[in-house]
Amino acid sequence: MKALSIPDVLAEVAVLVRPHFGKGRAADYIPQLATVPGDKFGMAVRTVSGDEHVIGDADEGFSVQSITKVFALGLALNRIGDELWTRVGKEPSGTPFNHLSLLEAEDGVPRNPFINAGAMAVVDVLMKASRDPAALVRDFAGFLCGERLEIDPNVAASELANAWQNRAIASLMRGQGTIEHDPEAVVAAYCRQCALTMSCRQLARAFLPLAAGGFSPIAEETVFPERLTRRLNALLLTCGIYDSVGSFAYRVGLPAKSGVGGGVVAVIPGKATVAVWSPELDRFGTSVVGTAALEAFSQITNCSVL
């Protein structure tokens, strides 16, 4: 039987995910995100060799939220290297991304850089390099995808106005010495970073270095050492989908990062990146349709790394 082309695979995935619409709900704790129609669906695939295929709303910008943590982590590791791990761990959390009690029990040291506490510790590091670390992340993501990107001020304001849990997390970490800057400034920078707007196509391009051994075909230069690229993918596989990472690995089997804006980006090392967007989330904060789409894509193409 002739192997399906990527456009054929995407068309089949779009059909297979239809029953999953309506099974989740948008991130209404950030009011601005709750206004996005739940039936949005986009998907983009970019191969290391340069092929690019999209379907649905793949060129519509959306709030990528926690997916920005990958760009911020890459910047921080490129700047201070393994020193970062004196502030942040590398273990799955097993708890929600904004959990407080585990952080308190472990003396203010976040389990990993992809939960909110770990991401704010990374922001604190970047604040030493820039007065506007969110712009640093925005420009780095734009450099990787080859396009100018914008931070949505309305989403940032909506997020900051409701960031009480993050304020508590930042204050606890400041008290324990995990972060060095004013907690309110760290939270504001973090909320602004998360309000970055990107499309599926842009995300698939920006994550390409993680599929290409650290080399960016878009920027035409190496942005991460190969060793760091492997480690970033390992962290994505074990920590990228919060407390449902085991279920995601079982279903999809790829390093990936989700965001409460409904985006999910997966890496097929050595081959391609796949970005999906659909706003309705499961109880863990990951896109219901996005997970189903990546599961179907992985099964049809047999691209799982596990």
TODO: Leaving out ligands and nucleic acids, note down the accessible area per residue over the range 247-306 with a 1.4 angstrom probe, in whole Å².
DONE: 30
Open item on the list: Under 8 Å for C-alpha pairs, at least 6 residues apart: give me the relative contact order for the range 140-196, rounded to a whole percent.
Closed with: 46
Task: In nm, spacing of pseudo-spin labels at R148 and A219 (7 Å Cα→C-beta vector) - done: 1.9
Open item on the list: With the cut-off at 1.5 for a/c, could you classify the range 216-300 from its C-alpha gyration tensor as rounded, prolate or oblate?
Closed with: prolate
Task: Cleavage-rule hits (GluC sites (Glu not before Pro)) in the range 140-241: DSSP loop, at most 12 neighbouring Cβ within 10 angstrom - done: E220
TODO: Run the dipole for the chain about the Cα centre, Lys and Arg Cβ at +1, Asp and Glu Cβ at -1, nothing else charged, and hand back the magnitude in debye, nearest 20.
DONE: 400
TODO: Return the single residue from A275, A34, A105 with maximal mean-square fluctuation; model: Gaussian network over the chain, springs between Cα atoms under 10 Å.
DONE: A105
- [ ] Excluding residues fewer than 8 places away in the same chain, name every one of the aspartates and glutamates whose C-alpha is closer than 12 Å to that of K23.
- [x] D39, E280, D282
Task: Average accessible area per residue (Å²) across the range 100-208 - probe 1.4 Å, nucleic acids and ligands excluded - done: 38
Open item on the list: I'd like the accessible area for C145, computed on protein heavy atoms only with a 1.4 Å probe and all protein chains in place. Round to 10 Å², please.
Closed with: 0
Open item on the list: If you roll a 1.4 angstrom probe over the protein chains with everything in place, what fraction of the accessible area of the range 117-267 belongs to carbon and sulfur, to the nearest %?
Closed with: 49
Open item on the list: Can you show me the helix-derived [θ] at 222 nm for the chain, built from DSSP H runs with n ≥ 4 at -39,500 (n - 2.57) apiece and divided by the number of residues, rounded to the nearest 500.
Closed with: -13000 deg cm²/dmol
TODO: Averaging sequence separations of C-alpha pairs under 8 Å and six or more residues apart, then dividing by the length of the chain, give the relative contact order as a whole percent.
DONE: 27
Task: Sorted peptide list for 86-92, 282-288, criterion being average Cβ within 10 angstrom, highest first - done: 282-288, 86-92
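Compute the Cα gyration tensor for the range 138-231, then decide on rounded, prolate or oblate, letting a ≥ b ≥ c be the square roots of its eigenvalues: rounded whenever a/c is under 1.5, prolate when a/b is larger than b/c in the other cases, and oblate in all that remain.
oblate
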Task: the range 14-40-the range 177-239 distance, computed between alpha-carbon centres (Å) - done: 25
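The values are calculated or read from the model by the stated rules, or taken from the named source; none is laboratory data. Predicted, not measured: the structure shown is a model, and the values here were computed from it. Cβ atoms come from the backbone with ideal geometry, glycine included; neighbour counts cover every protein chain shown. Each accessible area value is taken on the protein alone, full model and side chains, heavy atoms only, with ligands, DNA and RNA left out. Shrake-Rupley method; radii C 1.70, N 1.55, O 1.52, S 1.80 Å.
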